[in-house]
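**Q** Below is one structure. I have some questions about it.
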Amino acid sequence: MAKEIEEHQVSFDCHCDNQRGDMVISGSAKVIAPTTKVQRPRAILPEVHLHRHGAWYRHLHDLSSGLPPIRTAVVHPVDSNALLGAIEAAQANLIVPVLVGPAGKIHAVAAAQGVDLSPYTLVPTEHSHEAAEKAVAMARASEVDALMKGSLHTDELMHAVVAPGIGLSTARRMSHVFVMDVPAYPRPLFITDAALNIYPDLEAKRDIVQNAVDLAHVLGIETPRVAILSAVETVNPKLPSTLEAAALCKMADRGQITGGVVDGPLAFDNAVSPEAARTKGIISPVAGQADILVVPDLEAGNMLVKQLDYLADAQSAGIVLGARVPIVLTSRADSPLSHTVSCAIAVLLAQSKPKAIPYPC
């Protein structure tokens with residue numbers, strides 16, 4: 001290195017070596033040095049979250065791995081996703097599957113997938129309606145600890161589940177919760193109800209919120225933050241969802257909903273984004289960091305879940321709460337992984353202790 005003070009120049013000897021240590025380039029570089037101190041504005045770096053894809057699901061599987069498997073009626077598993085999902089959950093020691101449905105169709109799917117059904121019980125039925133009714137009857141008789149939806153429509157299964165006098169209803173309204181692992185979000189996300197209650201009224205929403213809070217406790221979130229979603233974050237008499245959100249918040253204040261922090265109405269952006277909440281001046285213990293999103297109706301919730309699945313690379317598991325037994329309820333298009341994780345949640349629900357399992361921060 002050489003300095004030429006009068007001309008404000010610095011010369012550097014340079015060389016480059018390859019991976020074997022051989023010199024491949026050599027030469028000199030002459031640099032004109034500044035005569036005054038150079039300052040640049042501090043760069044504003046983007047916020048970065050490190051996310052290990054599927055970490056939350058692996059955590060749930062770890063929590064359930066020490067528990068005995070639960071006997072589960074798999075209703076009408078006559079396609080590969082439904083059958084393989086049940087078999088993988090069995091191989092993971094989560095469930096003891098009882099396959100309920102047309103024996104010929106189930107064996108045909110098993111043969112096509114190279115699956116040996118000999119370790120599992122098969123209860124033959126004529127069709128999907130009978131399979132749903134038989135599975136519900138088995139749950140009522142305590143022959144199984146949970147139900148798992150196979151390749152039949154949700155309303156077909158739930159018709160048997162809610163049948164008066166012979167179904168699995170309790171004093172609590174049944175509702176569905178999607179438990180989601182979203183790479184862009186720094187915590188697990190629960191979305192309810194996006195699969196069961198189409199246009200729930202205030203009384204039903206109270207149970208929907210409480211069911212989700214109770215599930216969060218079982219999965220280790222001690223005080224879940226619940227965002228009641230609407231299109232806006234202010235109460236507007238022309239938007240009934242904002243009125244119901246305000247009422248639900250007051251019900252939480254009065255002890256009609258317990259175990260969580262409830263706030264709303266909140267729009268989706270300020271429920272999950274701290275920056276959006278700050279921009280709109282929202283002061284809330286929930287805004288920007290919600291654990292549970294309560295959607296206004298099934299249409300809004302279903303679209304939200306599928307957008308996260310297909311556009312945000314999210315993973316989703318599904319469970320029905322409020323029945324006598326947990327009901328694993330996933331889409332027929334879901335992967336076997338979704339079925340397996342949903343079974344892990346069912347295990348934790350079926351064998352949960354009064355004290356919640358802590359979730360590692």
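The values are calculated or read from the model by the stated rules, or taken from the named source; none is laboratory data. These numbers come from a predicted model, not from an experiment. In this analysis, Cβ positions are derived from the backbone assuming ideal geometry, glycine residues included, and neighbour counts consider all displayed protein chains.
**Q** Could you check residue 244 against (1) touching a Leu at 6+ places or on another chain (Cβ under 6 Å); (2) touching a residue at least 60 places away in the same chain (Cβ under 8 Å) and say which number it fails?
**A** The single condition residue 244 does not satisfy is (2).
**Q** Quick check: anything in the stretch 13-29 at pLDDT below 95 and basic (Lys, Arg)?
**A** yes
**Q** Any idea which of 85, 104 is within 26 Å of residue 61 (Cα to Cα) and out of contact with any Phe, Trp or Tyr (no Cβ under 7 Å at 6 or more places or on another chain)?
**A** Every option except 85 fails the conditions.
**Q** Which residues, taken from the stretch 66-111, are polar (S, T, N, Q), part of a helix (DSSP H, G or I) and either within 19 Å of the chain's Cα centre (by Cα) or within 20 Å of residue 153 (Cα to Cα) (or both)?
**A** Listed by number, the residues that qualify are 80, 81.
**Q** Right, here's the next one. Among the numbered criteria (1) modelled with pLDDT under 95; (2) out of contact with any Phe, Trp or Tyr (no Cβ under 8 Å at 6 or more places or on another chain), which one does residue 318 miss?
**A** (2)
**Q** Condition (residue is closer than 30 Å to residue 282 by Cα, touching a Lys or Arg at 6+ places or on another chain (Cβ under 9 Å) and of a type in the set (Asp, Glu)) applied to the stretch 187-195: is it met by at least one residue?
**A** Yes.
**Q** Out of curiosity, is residue 241 surrounded by 24 or more Cβ atoms within 10 Å (Cβ to Cβ) and of a type in the set (Gly, Ala, Ser)?
**A** The answer is no for residue 241.
**Q** Out of 204, 135, I need the residue that is among the small types (Gly, Ala, Ser) and either outside any helix (DSSP H, G or I) or surrounded by 21 or more Cβ atoms within 10 Å (Cβ to Cβ) (or both). Which one?
**A** None of the other options fit; the residue is 135.
**Q** I'd like the full set of residues that are of a type outside the set (Gly, Ala, Ser), free of Cβ contacts under 8 Å to residues at least 60 places away in the same chain, surrounded by fewer than 18 Cβ atoms within 10 Å (Cβ to Cβ) and outside any helix (DSSP H, G or I), limited to the stretch 250-287.
**A** Within the stretch 250-287, 254, 256, 258, 280, 283 qualify.
**Q** Name every residue in the stretch 167-178 that is of a type in the set (A, V, I, L, M, F, W, C) and at pLDDT 95 or above, in order of residue number.
**A** Answer for the stretch 167-178, where residues must be of a type in the set (A, V, I, L, M, F, W, C) and at pLDDT 95 or above: 168, 174, 177, 178.
**Q** Say whether the condition of being part of a strand (DSSP E or B) and within 19 Å of residue 163 (Cβ to Cβ) is met by at least one residue in the stretch 113-123.
**A** Within the stretch 113-123, one or more residues are part of a strand (DSSP E or B) and within 19 Å of residue 163 (Cβ to Cβ).
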